[in-house]
Amino acid sequence: MADFSSMGQMTGYFAPTRFEADVYDCEVVGRIPHDLSGVFIRLHHDWFYPPLFPDDTALSADGYITSLRFRNGSVDYRGRYIRTERYEQQRAARRSLYGYYRNPFSDDPSVRDPDHPGRRTSANTTPVVIAGRLFATKEEGLPYELDPNSLETLGAVDFDGAWKSQTFTAHPKRDPFTGETFAFGYEASGLTSKDVFVYTFDRQGKITREVRCEVPYTTMMHDMSITAKYIVIPGGGCVTDLNRLYLGKPHWGWDSTKPSYFLVVPRDGSGADYRVFYGAERSIVHTLNAYDEGGEIVLDLPTASGNTWPFFEDVHGKPFVMHQNTIRRVHIDVESASSEVREEELFNIPVTSFTRIDERYFTRPNRYTFVQFADREKPFQGRLPDDPRAQPNNSYGRFDLIERKFVSFFAGEAHVVQEPVFIPRNETSQEGDGYLMGTVHNLADLRTEVVILDASEMTEVARIILPFRNSPQIHGIWASEQELPLL
Ligand SMILES: [Fe+2]
């Protein structure tokens, strides 16, 4: 039975959708450019059944994948649940069986398996393409492979046994110059472990290298960056231990006394030469880009000076205060004996932790960064969930890191934007010349729209109107016909 009536946050636009759909030749306002040929793939959180515990976070919700296939100026939509082991078990039981976010001890006894926590993944975070294969990822377990056209779930993947970590990051990075992909798993050898396994895939998708690292304390290591020489994996603030999990608490608490840290692994070398560098108390979720400069790694990222997770309580009992992300630059001096990083703020405009660039510039200095943000000068008519993180993110912005300029696009008075993607106009176009595409919740008309902007001008080119709501999107990607075998 699916009774969501006691779930106060799951009402109106933010209620679960619980259906799968195809829409052939979607309604469009404006004209879709004919040179847009490929697919916009998005992953959403969509509870099929109410959570076992009403105060669990949306991070535990079922994964739901959608595709918008563009060709010849038109677009077709498809949406499907990710049929994880968890989803199928819960569907068979007709109720939720899995408990708190990444706490297998809180699961129903019929599925409880703390020795294999990765099996409880809902694969709900990021669509990822590696060597022409599509995966739905989440950092708590192995990725699920999907058919990129039908969106049928093909199953969990360990890359022919070469992937030894129990977990797989939601944010692998592909080097656009070498074609290699880098990925990692933390809590790699089991629940709360300090082991981080780092992998290299060649351009054919074969794992060619594994480096095993140990970090100072177990924390959320959600994203990574690469330079031409190094892999950088940041984290900090969140803490966990088996005791808190035995007590039935969510996986993470927040410890304001813990430093942030940056695991740095050379792309070549023995694997024993990894290092850990330290910063101040920081909430770090996503990265933006990194590159080598002199003897330093330069890492740009949105980061906040304290906790940004209201549902991960402070382990010292401090009340939650929402900290805002701003775009900052971290300098890691890999040639120094010092293990301290240096940080500067690039823009003091509060942004979400979701940032995108022209990904052809991964490993090299980039000029433009795209974000979604709340423009409080603009009217806002929508009703948001009662959550300190909920902001009227009504606009997309483009930072120019060279001229330090900021240009924005306002999506509408009752509109909340989700993470966008940048799509180059063609393979040889200049950085930032192309389209910005993003999902927009229309809170007034209870429907999802997808806007396509000219990324140079930040002006609207076309808007796709879906005849229903999608549940909130986490991450989305663009894949061309060269990257995925699209029909
Ligand atoms: Fe993410």
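Kindly indicate whether residue 76 is more than 24 Å from residue 106 (Cβ to Cβ) and in contact with a Phe, Trp or Tyr (Cβ under 6 Å, 6 or more places away or on another chain). Taking the combined requirement at face value, the residue satisfies it.
Just checking, does the range 398-418 include any residue being within 16 Å of the ligand (Cβ to nearest atom), on the phi < 0 side of the Ramachandran plot and in contact with a Lys or Arg (Cβ under 9 Å, 6 or more places away or on another chain)? Yes, the range 398-418 has at least one match. Please tell me if residue 305 is hydroxyl-bearing (Ser, Thr, Tyr) and more than 19 Å from residue 223 (Cβ to Cβ). Considered against the rule, which asks whether it is hydroxyl-bearing (Ser, Thr, Tyr) and more than 19 Å from residue 223 (Cβ to Cβ), residue 305 comes out as no.
Is there a residue in the range 470-482 that is out of contact with any Asp or Glu (no Cβ under 9 Å at 6 or more places or on another chain), more than 21 Å from residue 39 (Cβ to Cβ) and more than 16 Å from the ligand (Cβ to nearest atom)? No: the range 470-482 contains no residue that is out of contact with any Asp or Glu (no Cβ under 9 Å at 6 or more places or on another chain), more than 21 Å from residue 39 (Cβ to Cβ) and more than 16 Å from the ligand (Cβ to nearest atom). So, residue 245, is that one part of a helix (DSSP H, G or I) and either farther than 22 Å from residue 173 by Cα or more than 16 Å from the ligand (Cβ to nearest atom) (or both) or not? Answer is yes for this residue.
Residues being within 16 Å of the ligand (Cβ to nearest atom), buried (at least 23 other Cβ atoms within 10 Å of the Cβ) and not polar (S, T, N, Q) are represented in the range 102-115 by at least one member. Of the strands (runs of 3 or more DSSP E) lying entirely inside the range 1-116, those containing at least 1 residues that are among the aromatic types (Phe, Trp, Tyr) and over 22 Å from the mean Cα position of the chain (by Cα) are 63-71. Taking the numbered list (1) free of Cβ contacts under 8 Å to residues at least 40 places away in the same chain; (2) more than 16 Å from the ligand (Cβ to nearest atom); (3) not in a strand (DSSP E or B) in turn, residue 155 passes all entries but (3).
Just so you know, in the range 340-392 the residues that are among the aromatic types (Phe, Trp, Tyr) and assigned to a loop (DSSP other than H, G, I, E, B) include one that is nearest to the chain's Cα centre (by Cα), and it is 354. Which of the residues belonging to the range 455-476 are surrounded by fewer than 20 Cβ atoms within 10 Å (Cβ to Cβ) and within 22 Å of residue 400 (Cα to Cα)? Scanning the range 455-476 gives 456, 457, 458, 459, 460, 461.
Mind counting the residues in the range 452-463 that are touching a Phe, Trp or Tyr at 6+ places or on another chain (Cβ under 8 Å) and either touching a residue at least 40 places away in the same chain (Cβ under 8 Å) or closer than 16 Å to residue 65 by Cβ (or both)?
In the first step, residues of the range 452-463 are kept if they are touching a Phe, Trp or Tyr at 6+ places or on another chain (Cβ under 8 Å); the result is 452-455, 458-461.
Those left that are additionally either touching a residue at least 40 places away in the same chain (Cβ under 8 Å) or closer than 16 Å to residue 65 by Cβ (or both): 452-453, 455, 458-461.
Result for the range 452-463: 7.
For the condition within 19 Å of residue 320 (Cβ to Cβ), hydrophobic (A, V, I, L, M, F, W, C) and either more than 20 Å from the chain's Cα centre (by Cα) or surrounded by fewer than 23 Cβ atoms within 10 Å (Cβ to Cβ) (or both), residue 239 qualifies.
From the list 192, 181, 218, the lone residue that is touching a helix residue (DSSP H, G or I) at 6+ places or on another chain (Cβ under 8 Å) and modelled with pLDDT of 95 or more is 192. Within the range 211-231, residues that are in contact (Cβ under 8 Å) with a residue 40 or more places away in the chain and assigned to a loop (DSSP other than H, G, I, E, B) have Cβ atoms under 6 Å from residues that are within 16 Å of the ligand (Cβ to nearest atom) and charged (D, E, K, R) in these pairs: 224/173, counting only partners at least 6 apart in sequence or on another chain.
The number of residues in the range 397-436 that are in contact with a Pro (Cβ under 6 Å, 6 or more places away or on another chain) and crowded, with 20+ Cβ neighbours inside 10 Å comes to 2.
Check 312, 370 and return the single one that is touching a Cys at 6+ places or on another chain (Cβ under 7 Å) and either under 28 Å from residue 253 (Cβ atoms) or touching a residue at least 24 places away in the same chain (Cβ under 8 Å) (or both). Only one candidate qualifies: 312. For the range 107-120, the condition of being over 29 Å from residue 234 (Cβ atoms) and of a type in the set (A, V, I, L, M) holds for at least one residue. Among the residues of the range 120-128, none qualifies, meaning not one is more than 16 Å from the ligand (Cβ to nearest atom), crowded, with 21+ Cβ neighbours inside 10 Å and within 21 Å of residue 286 (Cα to Cα). Taken over the range 323-355, the residue count meeting the criterion of being over 18 Å from residue 404 (Cα atoms), within 16 Å of the ligand (Cβ to nearest atom) and of a type outside the set (Val, Ile, Thr) is 2. Mind checking whether some residue in the range 377-387 is in contact with an Asp or Glu (Cβ under 7 Å, 6 or more places away or on another chain) and within 16 Å of the ligand (Cβ to nearest atom)? No, that holds for no residue.
The values are calculated or read from the model by the stated rules, or taken from the named source; none is laboratory data. Remember, predicted model here, so these are calculated numbers, not experimental data. Don't worry about glycine lacking a Cβ; one is built from the backbone with ideal geometry, like all the others, and counts go over all protein chains shown.
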